[in-house]
Amino acid sequence: MAKVLSVIIPVLEGMEESHLKTQLLKYFPQQADHFTQVEESFSLLTSITPDPDRMKMFFHSWSQTNNSAVTVSGLSSRLTMLIHKNMPVADEHALFRSVASLNRIADEDLAVVGKVLHSDLFYTMATNICGDDEWLSRKYLQPQAKDFKAWKDYNSLRDEDILIGLLTTLVHEIYTHGEVEYILPRFTNWLEREYDFSKTDLKNTLAWITVHCGPTEKNHFFHAVSSIKYFVTAMNLKIEDYDLGPIISSYLSKKATVMKTIGAQLIHLA
């Protein structure tokens, strides 16, 4: 089993019995090849001698696949807009419970708790590794990363069916849990081997990864589960009518394409 997948599956197995659990456990293992492609890209990154040109393209494009606070906040706005525009809602209390659960996903990211914006933590990590903050330049954005973000943003912010956005968020949160747990020891060993960081600099450089490990992303996943539960009640929907297969397949195939591309660039620039 792919190592990222081996982190994800136990969390899914710990869910209460539900349509979501059945679907997640059915479709995630089918993406094993895509998980392997992601793992190979991180293994390659953390095996090379650092070079700024290689690092900058990698970190800019990778960042486009994992920063979701703005998207989650936009999705939350869509839910409350239903009330603002007097749209039909079967249970307004359940709708606001859905919003309350959804907003908990972005608390740490937006420094509502933790006191530090997670975008600042990513900035510190990427800048320390790349040597400067030129990695922010859009010239380092690969088309595949742009496509991934456009697809995810469309699902969350523009698809007429808001539940598609909530389900996409669900998939993103549990995937991210697996990714950060997988990369932490690899980044730690790499930075200790290749960089002359003090203990403080090493800790600060790894902070974006470490803050997402443990319960953080796992909790975000269960907040997404809760938000979906309340939303289907609010809108009188049947979650059983939804097939997560296309969302999971698209998410993992697009993510793997991004990581495979920027991994190949590491070799090309070597």
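No value in this document is a laboratory result; all are computed from the given coordinates. Fair warning: this is a prediction, and the values are worked out from it, not measured in the lab. Neighbour counts are summed over all protein chains in view; Cβ atoms, including those assigned to glycine, are modelled from backbone coordinates with ideal geometry.
Give me the percent of Cα-Cα pairs in region 114-181 that sit more than 15 Å apart, rounded to a whole number.
So the portion of pairs separated by more than 15 Å is 70 percent.
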Can you give the local net charge around residue 240? Use residues other than it whose beta-carbon is closer than 14 angstrom to its beta-carbon, Lys and Arg +1, Asp and Glu -1. +1
Given +1 on the Cβ of Lys and Arg, -1 on the Cβ of Asp and Glu, and no further charges, what dipole in debye does the chain carry about its Cα centre, rounded to the nearest 20? 220 debye
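What order do you get for 164-172, 211-219, 76-84 when each peptide is scored by the mean count of other beta carbon atoms within 10 Å, highest first? Before the final figure, lay out each step's value.
On the way: 164-172: 24.2, 211-219: 17.8, 76-84: 14.8.
Highest mean packing first, the order is 164-172, 211-219, 76-84.
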Between the alpha-carbon centers of region 3-24 and region 231-263, tell me the distance in whole angstrom. 14 Å
Kirkwood hydrodynamic radius for the chain: how many Å is it when counted over pairs of different Cα atoms? 19.2 Å
GNM top mover of 34, 223, 19 - the chain, alpha-carbon springs below 10 Å: 19
Among 52-60, 117-125, 85-93, how do they line up from the highest to the lowest mean number of other beta-carbon atoms within 10 Å? 52-60, 117-125, 85-93
How large is the dipole of region 177-263 about the Cα centre if only Lys and Arg carry +1 and Asp and Glu carry -1, each at its Cβ, rounded to the nearest 20 debye? 40 debye
To the nearest 20 debye, what charge dipole does region 131-186 have about its Cα centre, counting +1 at the Cβ of each Lys and Arg and -1 at the Cβ of each Asp and Glu? 200 debye
Would you mind listing how long region 19-95 runs along its three principal axes, going by Cα atoms, in whole Å with the largest first? 57, 32, 14
Rounded tilt (10° steps) of 92-103 against the dominant C-alpha axis of the chain: 10 degrees
Please give the contour-minus-distance gain from residue 192 to residue 19: 0.36 nm per residue of separation, less the Cα-Cα distance, rounded to one decimal in nm. 57.9 nm
Where the centre of each part is set by its Cα atoms, how far does region 75-95 sit from region 175-194, in angstrom? 40 Å
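Which value, in nm² and rounded to one decimal, describes the direction-averaged projected area of the C-alpha convex hull of region 70-118?
It is 3.5 nm².
So which GluC sites (Glu not before Pro) in region 1-78 are both in a DSSP loop and have at most 14 other Cβ atoms within 10 Å of their Cβ?
Those that pass, being in a loop and sparsely packed, are 16, 17.
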Counting Lys and Arg as +1 and Asp and Glu as -1 over every other residue whose Cβ sits under 10 Å from the Cβ of residue 105, the net charge comes to -4
